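Report on the structure given below.
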Amino acid sequence: MSAAVGHQEIDQQIGAVLAELNLAKYGTAFAQEEVTYEAFLLLEADDLTQMGIPIGPRKLILAKILELKQ
C-alpha cells in the first residue's frame, strides 16, 4: 500500500527507508519522479541533486542505498 501525494504515490519501501532516516519529508520528490524501489537502488548523487535533495539528506540516502545493495 502506498501513501498518496497529490496524483503521485510514494513507493512503500522507499517511504520506509526515508522514515528510518528521518527524511520522510522528501517522499514527495520520489513520488513526483515516479521512483520505484528498483530505481531507488540505482540512484546516484546527480539524480538526487536534480530532484532537489539537499547535500546532508543526499549523503544519508546514498549511504543507505549502498547498505541496501550489500
| said: Between a residue in the stretch 42-70 that is basic (K, R) and any residue that is open to solvent by 100 Å² or more (accessible area, probe 1.4 Å) and at pLDDT 95 or above, which pairs come within a Cβ distance under 9 Å, given they are 6 or more apart or on different chains? | reply: K64/E20
| field | Number of positions in the stretch 4-27 that are modelled with pLDDT under 95, within 18 Å of L68 (Cβ to Cβ) and not in a helix (DSSP H, G or I) | value | 2
| Among the listed residues F30, F40, which satisfies the condition of being in contact with a strand residue (DSSP E or B) (Cβ under 9 Å, 6 or more places away or on another chain), modelled with pLDDT of 95 or more and surrounded by 15 or more Cβ atoms within 10 Å (Cβ to Cβ)? | F30
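From the residues in the stretch 43-70 that are in a loop (DSSP other than H, G, I, E, B) and open to solvent by 40 Å² or more (accessible area, probe 1.4 Å), which one is modelled with the lowest pLDDT?
Narrowing the stretch 43-70 to residues in a loop (DSSP other than H, G, I, E, B): 43-44, 51-54, 70.
So of that shortlist, the ones also open to solvent by 40 Å² or more (accessible area, probe 1.4 Å) come out as 44, 52, 54, 70.
On the way: E44: 97, G52: 97, P54: 98, Q70: 91.
Per the stated criteria, the residue is Q70.
The values are calculated or read from the model by the stated rules, or taken from the named source; none is laboratory data. These numbers were taken from a predicted model, which means no experiment stands behind them. Because the Cβ atoms are built from the backbone with ideal geometry, glycine has one as well, and the counts that use them run over all protein chains shown. For accessibility, only protein heavy atoms count, side chains too; no ligands or nucleic acids. Shrake-Rupley method; radii C 1.70, N 1.55, O 1.52, S 1.80 Å.
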